[in-house]
Amino acid sequence: MRWSDLLRMSISSLRRRKLRTFLTVLGVVIGTASIVVMISLGLGLQQSMYEEVEQNGGTTSLTVTGKTGDGMMMSYSYGTDGNMEEESQKYITDEVVEELKGLKHVKSANPVLNVSALALKGRYIGYLDLYGMTPEELEARNIELEPGGRLPDPDSAELELVFGNAVLTNFYEESTGRGYWETGEMPDIDLKTDQLFLILDQDAYYSAQEPVSSGPTEGGDGSGTEVSSPKAPKKYVVHACGVVAGGMEAYNANSYYVFCDIDKLRSFLQKEFRGRAIPGQPATRSGKPYSQFVYSSASVQADDMENVEELANTIRSMGYNVSTNIEYINSMKKQFAMVQGVLGGIGAVSLFVAAIGIANTMMMSIYERTKEIGVMKVIGCSLRNIREMFLLEAGFIGFMGGVAGNILSFIMSAVINILVSGESMGVGGSLSYIPLWLVLTSMGFAVLVGMAAGYFPALRAMKLSPLAAIRNE
Amino acid sequence: MKKIISVKNLYKLYRVGDSCVRALDGVSFDIREGEFCAIVGTSGSGKSTLLNMLAGLEKPTKGEIVIDGCHIEKLKEDELVRFRRENVGFVFQSFHLIGTMNAVENVALPLTFRGEPRKQRMKKAERILELVNLTKHRKHMPNQMSGGQQQRVGVARALVSDPKIIFADEPTGNLDSHTSEDVMGLMQKVVREQGRTLVMVTHDDHLAEYADRVFHIIDGKIVKIEEKQKRKEGGHES
Ligand SMILES: Nc1ncnc2c1ncn2[C@@H]1O[C@H](COP(=O)(O)OP(=O)(O)OP(=O)(O)O)[C@@H](O)[C@H]1O
Ligand SMILES: [Mg+2]
């Protein structure tokens, strides 16, 4: 028999019992839809996790930090001299960054310098979490800027800054000490256009401020401090070359940071703290600055996600601290596999119920058509064709259910996403995510379930005695 | 003349409870190619059992059936189906048309099982329907036709695949005597014209008159084989 004829006969027998076919298909629709929606929820969670990881440097990035032999060690090791001390501690210096670049599986290695600074603007004062990075590193971070913005130019004479979109929430009114979190009002500053004063030496700023604020109450003491206080720190005029896109409310990985060029920041720091120890820079016990400039961390990109673990171990064996996203991702992956297993299992139960429905329908259909099947056998329909006819019928029920179930899933998924995005802010992406492979596998699965459910009824039809079929009236 | 069916010492026993029913009790006969044979006997004499065994629908307890050089009793079920598909046409007492198909589709069904393309089999089916004078009813569903018309569709279905042998178990059992004559006349005409072998079961002696040879069967034994010489000669002359 030809496939087209088999298909035609199967479809015509399904059409003969429209309501029954519809109800059976409905069971498959519900089963498929529940599996797809459940898994899509799991996938949506996973997707948003990956997006978050991607914003935090992605799956291939490693953050290498120095190891300062812990405080206890230092205090007890008074017998050792300065040299020993320097060796027991690992700092991220230019040399180290070069060394990291030379390692296997390393795509790039860049130093990162993180200092905190103060910014002044009118009556507002704010803390900045300043990150100095190389131009390549900034490029690699894929920061999305508001239109018109650009990344800091390393050749500019000024210190150009890229502000995170939520940096302003860290500003407060100097006189009242109240900021965004207290008043709920954004400071009246336009980061894109306004110029700010940047103060790198916070200690000096505060000690210079102190007498002014505490002066009236404690006169004598105040004047004493004023005399001994160092001169007020230099205020650098800076302006933004870019602001992270997203507006004040939206959170992303860059929201609270301020980025600038690392070499510029370094030279500004060295100028500001000439002859003194720069805060955050290690000092020898005598209080002298360390011989080389030390960065806060180094950002290393591995060439592939698979090699991250190996690379991290190599760097650790060199004596540095390494943090990667991979452990986090691995543990999340395990969790998601479990969540998806549970959710998918719930769906699978309903598809299983649908499979019973299909088997039942096929059984009924075979009982009804006993005579017909017998006659077909007598006039020469091969056993294989009979089996195929019924398998095809069952598979077709599964297929229709799979298609309709997927359509229903897309609708449900859209509804879920709309409802959820209306309620919760902050969670980027969608809660329910249906990739193409899920559509195809669920469809295939529905057909398979249909065929499996129809298998035994089909065998039964095949084995029906033609004689019994034609004899009874 | 070539023997197309040859039956030797055929036994069929049915075990019902403790007792044993001998439905066929040592039957032997030959049927020649192009012959119209009738099997006649009272109810319960074993006519249907014999016919079903010839058609390979039932396995004999003992004995052998050779059709066209092929031992039917040794074939497996799927081989039997293929054998029927290629060599046998079947006419049923209660027509057994497929209720969801119209007349042409019903007639074309054996060709569908053979995998013939749709156009070709429809053409053949239409031609056979013309032969049984049902061209007008070719789009009718079985429940839109009279018993006689349905049986003519049944005959057409048995003929469409050019089988060597046609089996008919009381083809007129559900028809009135006038319609029976019609259908019998049609079958006789077609079989003679096309030179096919027809084996028909009936309990009506009058209908057996159409046959070339009549096997009389009583309690599972063939008691008499009657030759209708003049009809046979007439058939061969035409
Ligand atoms: N499946 C069976 N089990 C037991 N006995 C059977 C079976 N089939 C037929 N018989 C018996 O075999 C005998 C012959 O039956 P068969 O159907 O061949 O009769 P028949 O000649 O066709 O009669 P009718 O003219 O009424 O159709 C009967 O006695 C019947 O009871
Ligand atoms: Mg009978």
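The values are calculated or read from the model by the stated rules, or taken from the named source; none is laboratory data. This is a predicted model, so every value here is computed, not measured. A quick note on method: Cβ atoms are made from the backbone with ideal geometry, for glycine too, and the neighbour counts reach across all protein chains shown. Keep in mind that these areas ignore ligands, DNA and RNA; they rest on the heavy atoms of the full protein, side chains included. Shrake-Rupley method; radii C 1.70, N 1.55, O 1.52, S 1.80 Å.
Details
- Residues whose amide H falls under 5 Å from that of residue B:175, counting only those 5 or more places apart or on a different chain, are absent, with hydrogens built in the peptide plane.
- The value of relative contact order for segment A:119-202, using C-alpha pairs under 8 Å at least six residues apart, is 38 percent.
- 12 Å Cα-Cα reach of residue B:2 towards aspartates and glutamates, excluding residues that sit fewer than 8 places from it in its own chain: B:30, B:33, B:35, B:68
- Sequence-distant residues sharing a close amide H with residue B:21 (under 5 Å, placed H): B:14, B:15, B:16
- Counting Cβ atoms of other protein chains within 10 Å of each Cβ in B:83-96 and taking the mean gives 3.
- Per-residue mean of foreign Cβ neighbours for A:9-16 is 2 (Cβ atoms of other chains, 10 Å radius).
- Cβ-placed point charges (K, R +1; D, E -1), dipole of segment B:155-202 about Cα centre in debye, nearest 20: 280 debye
- Evaluating 6.51 cos²θ - 1.76 cosθ + 1.60 at θ = phi - 60° for every residue in segment A:100-116, the Karplus couplings come out as 4, 4, x, 6, 5, 6, 8, 7, 8, 9, 9, x, 10, 10, 10, 10, 9 Hz, glycine and proline recorded as x.
- Karplus-derived 3J(HN,Hα) values for segment B:126-135, using 6.51 cos²θ - 1.76 cosθ + 1.60 with θ = phi - 60°, are 5, 5, 5, 4, 5, 4, 9, 6, 10, 3 Hz; glycine and proline are entered as x.
- Area of residue A:182 that stays accessible when all protein chains are in place (1.4 Å probe, Å², to 10): 120 Å²
- 0 to 90° range, to nearest 10: angle between helix B:147-159 axis and chain B longest Cα axis: 80 degrees
- Qualifying lysines (Cα of each under 18 Å from Cα of residue B:119; at least 8 residues distant if same chain): B:139
- Interface burial for B against A (accessible surface, 1.4 Å probe, total of both chains, Å², rounded to 100): 2200 Å²
- Theoretical ellipticity at 222 nm over chain B - DSSP helices of four or more residues, -39500 (n - 2.57) apiece, nearest 500: -11000 deg cm²/dmol
- Between the residues B:26, B:40, B:83, the greatest Cα displacement towards the positive end of the dipole of segment B:1-116, with unit charges on the Cβ of Lys, Arg, Asp and Glu, is found for B:26.
- Pairwise alpha-carbon distances in segment B:24-76 exceed 19 Å for 27% of all pairs.
- Amide hydrogen neighbours beyond the local backbone of residue A:132, cut-off 5 Å, H modeled: A:113, A:114, A:115, A:260
- Chain B: radius of gyration over Cα atoms, expressed as a fraction of 2.2 N^0.38 Å: 1.00
- Average accessible area per residue (Å²) across the protein assembly as shown - probe 1.4 Å, nucleic acids and ligands excluded: 49 Å²
- Options A:337, A:186, B:5, ranked by Cα towards positive dipole end of the protein assembly as shown, top entry (Cβ charges): B:5
- Most mobile of B:19, B:177, B:94 in a GNM of chain B (Cα contacts under 10 Å): B:19
- Each Lys and Arg contributes +1 and each Asp and Glu -1, all at the Cβ; summed about the Cα centre of segment B:5-104, the dipole is approximately 220 debye.
- Compactness index (Cα Rg / 2.2 N^0.38 Å), the protein assembly as shown: 1.75
- The portion of the accessible surface of the protein assembly as shown made up by carbon and sulfur, rounded to a whole percent, is 55 (1.4 Å probe; DNA, RNA and ligands excluded).
- Here the Karplus curve 6.51 cos²θ - 1.76 cosθ + 1.60, taken at θ = phi - 60°, turns the phi angles of segment B:77-94 into couplings of 4, 5, 6, 5, 4, 5, 4, 5, 4, 9, 10, 10, x, 10, 10, 9, 4, 9 Hz, with x standing for Gly and Pro.
- Directionally averaged projected area (convex hull, Cα atoms, segment A:341-473), nm²: 9.9 nm²
- Put A:352, A:336, A:445, A:259 in order of accessible area, highest first, and with a 1.4 Å probe you get A:352, A:445, A:336, A:259.
- Over 31 Å (Cα to Cα) - which of A:121/A:271; A:67/A:264; B:123/B:164; B:76/B:123; A:377/B:124 fall in this group: B:76/B:123
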